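In what follows, a single structure is set out as structure tokens and then discussed.
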Amino acid sequence: TRRDKDDLRCPVVCILGHVDTGKTKLLDKIRRTNVQDREAGGITQQIGATYIPADAIRDRTKRLQDTEPFDIKVPGLLVIDTPGHESFNNLRSRGSGLCDIGILVVDIMHGLEPQTIESLNLLKMRKTPFVVALNKVDRLYSWKEDPEAPIRDSFAQQNKDVKREFKERMDKANLTFAENGMNTALYYENPDVRSYLNVVPTSAHTGEGIPDMLQILCKLTQERMHEKLMYVDEVQCTVLEVKMVEGLGTTIDVILINGVLREGMTVVLTGLNGPVVTTIRALVTPQPMRELRVKSAYVHHKEIRAAQGIKIVAPNLETVIAGTQMYVQTPEDDLDELKDEVNTE
Ligand code: GTP
Ligand code: MG
Ligand code: NA
């Protein structure tokens, strides 16, 4: 396969962390949406995906660009939201298994909680680099908010009690991370990114620290994962969810990590009763900055290039098993061999 060092695909970013640490709210703040408000019990129960184009990142990091200019070289970020509730370990595992980089969200008022540690271990096990969002800084007593400010601008405006409380809670988080085998440091004080995890203080309510988080995700991926992000033609695609959608029938939500999908393509999937061979009827995505798991005015595509979160409409998807790979039949492929590949997965 031909590879071009300037042709990067979107990094796939997975947000993980204990229940109610603010994972969905952080995404809502970036998207300017209200997905979290409409979740049953305020709990995420599905895995989602949102495409954040480079232009949106440029816009959301404008103020930070004044002091920290940088070029965005990735076409955007594809962000996977996962549930933090303990019963959804399989979805955290699925999300962490297909991402290039993680965001581990910690509630600054609660410190590290059981599913924080579980998520941390998933990321460690797969050697996936990640950044810590120390979220809900607006809850520090007498925090003075500066909406959507870079975090250092916000800190500069806080009184000494807020600064002291932050330091105490940050020190405690550092200690608990160390007990779990990870060194952590505030990202702008990080002495060595190879041995310390970056911590970005954030607020999903005020948007403070979000510019820093977006910038650091771009920097870490485009500078340190360049090789991995070089686009390749060979299709690499994972099934996130199998879903009935009114008017569309049974569909699958997939993450296309590399390659191109086209309407009419023959694809092979893993089903409960053996391989499923089917033909792509339609490829749809939400608008950029909208959540794949939320029903919306879908955009239809004749073909679509990685990386993207896509809903596929096709016959016979009822038995497909989420979390498995989807293969496409190319002219060189023998269908029986592809089916064997699926069978041995
Ligand atoms: P699950 O997906 O269910 O694991 O939760 P989550 O991590 O996605 O958290 P969610 O976005 O549902 O937020 C949980 C609660 O915390 C909501 O009531 C949010 O409004 C609140 N919250 C999230 N982020 C912040 C924040 O930065 N500051 C404050 N004050 N509250 C926040
Ligand atoms: Mg959530
Ligand atoms: Na929640």
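The values are calculated or read from the model by the stated rules, or taken from the named source; none is laboratory data. As the structure is a computational prediction, the values presented were derived from the model and not from experiment. With ideal geometry, Cβ positions are generated from the backbone for all residues, glycine too; neighbour counts draw on all protein chains shown. In case anyone asks, the SASA skips ligands and DNA or RNA and just uses the protein heavy atoms, side chains included. Shrake-Rupley method; radii C 1.70, N 1.55, O 1.52, S 1.80 Å.
Taking just the alpha carbons, could you work out the radius of gyration and Dmax for segment 251-345, both in angstroms?
13.2, 39
Once a ≥ b ≥ c are taken as the square roots of the eigenvalues of the Cα gyration tensor of segment 203-264, is the result rounded (a/c under 1.5), prolate (a/b larger than b/c) or oblate (a/b not larger than b/c)? Mind showing how you got there, number by number?
On the way: a/c = 3.92, a/b = 1.37, b/c = 2.86.
Judged from the Cα gyration tensor, segment 203-264 comes out oblate (a/c at least 1.5, b/c at or above a/b).
Rounded to the nearest 5, what % of the DSSP beta bridges within the chain are antiparallel ones?
The answer is about 65 percent antiparallel.
Please work out the ratio of the alpha-carbon Rg of the chain to 2.2 N^0.38 Å and round it to two decimals.
Ratio of Cα Rg to 2.2 N^0.38 Å: 1.01.
Kirkwood hydrodynamic radius for segment 29-186: how many Å is it when counted over pairs of different Cα atoms?
17.6 Å
Quick check for you: with a 1.4 Å probe and neighbouring chains kept, what is the accessible area per residue of segment 158-299, in Å²?
44 Å²
Which percent of the accessible heavy-atom area of segment 1-101 goes to carbon and sulfur, probe 1.4 angstrom? Don't skip to the answer; put the middle values down first.
Numbers: 1800 of 4180 Å².
Heavy-atom surface of segment 1-101 belonging to carbon and sulfur, 1.4 Å probe: 43 percent.
Hey, what did segment 146-295 get for relative contact order, percent, Cα under 8 Å, at least 6 apart?
The value is 15 percent.
Using θ = phi - 60° and the Karplus curve 6.51 cos²θ - 1.76 cosθ + 1.60, what whole-Hz ³J(HN,Hα) does each residue of segment 271-276 get, with Gly and Pro shown as x?
Taking θ as phi minus 60°, the curve returns x, 4, 10, x, x, 10 Hz for segment 271-276.
Tell me, for the chain, which Cys residues have no other cysteine's C-beta sitting closer than 4.7 Å.
10, 218, 237
Going 7 Å from the Cα of residue 287 along its beta-carbon direction, which residues of segment 296-328 have the amide nitrogen within less than 20 Å of the resulting point?
Residues 296-302, 308-311 fall inside that zone.
Could you work out the relative contact order of segment 39-86? I mean the mean sequence separation of Cα pairs under 8 Å and 6+ apart, divided by the number of residues, in percent.
61 percent
Taking 0.36 nm per residue of separation and subtracting the Cα-Cα distance, what length does fully extending residue 233 through residue 145 add? Let's see the in-between values first.
Numbers: separation 88, 0.36 × 88 = 31.68 nm, distance 4.60 nm.
Result for the pair: 27.1 nm of gain on full extension.
Return the Rg/Rh value of segment 146-232, two decimal places, where both radii are evaluated on C-alpha atoms and Rh is the Kirkwood radius.
On the way: Rg = 14.9 Å, Rh = 14.4 Å.
Rounded to two decimals, Rg over Rh is 1.03.
Kindly report the accessible area of segment 37-104 per residue (heavy atoms of protein chains, probe 1.4 Å, no ligands, DNA or RNA), in Å².
With all protein chains present, segment 37-104 gives 41 Å² per residue.
Given R₀ = 41 Å, FRET efficiency for residue 297-residue 109 by Cβ-Cβ distance, to 0.05?
Details: r = 38 Å, r/R0 = 0.92.
With a Förster radius of 41 Å, E is 0.60.
By the scheme Lys and Arg +1, Asp and Glu -1, what is the net charge of all other residues having a beta-carbon under 12 Å from that of residue 320?
Taking every Cβ under 12 Å from that of residue 320, the sum is -2.
Just 311, 172, 29 to compare: in a GNM of the chain, with alpha carbon springs under 10 Å, which one fluctuates most?
172
Using a probe of 1.4 angstrom, how much of the accessible area of segment 136-201 is carbon and sulfur, in percent?
Values: 1810 of 3800 Å².
Of all accessible area on segment 136-201, carbon and sulfur atoms account for 48 percent.
I'd like the carbon and sulfur percentage of the solvent accessible area for segment 227-289, probe radius 1.4 Å, heavy atoms only, ligands and nucleic acids excluded.
Summing carbon and sulfur atoms, their accessible area is 48 percent of the total for segment 227-289.
Just give me a number: lysine pairs in segment 193-345, eight or more positions apart or cross-chain, with C-alpha atoms less than 20 Å apart.
Step by step, the pairs that qualify in segment 193-345 add up to 5.
Could you give the Stokes-Einstein D for segment 1-114 in µm² per second, using the C-alpha Kirkwood radius, 25 °C, 0.890 mPa s?
D, rounded to a whole number, is 158 µm²/s.
Could you give the length gained by full extension between residue 316 and residue 127, i.e. 0.36 nm per residue of separation minus their alpha carbon distance, to one decimal place? Let's see the in-between values first.
Values: separation 189, 0.36 × 189 = 68.04 nm, distance 3.59 nm.
Length difference between fully extended and current span is 64.4 nm.
Below 12 angstrom from the Cβ of residue 260, what's the summed charge of the other residues (Lys, Arg +1; Asp, Glu -1)?
Net charge in that neighbourhood comes out at 0.
So what's Rg/Rh here for segment 87-126, counting alpha carbon atoms and using the Kirkwood radius for Rh?
0.96
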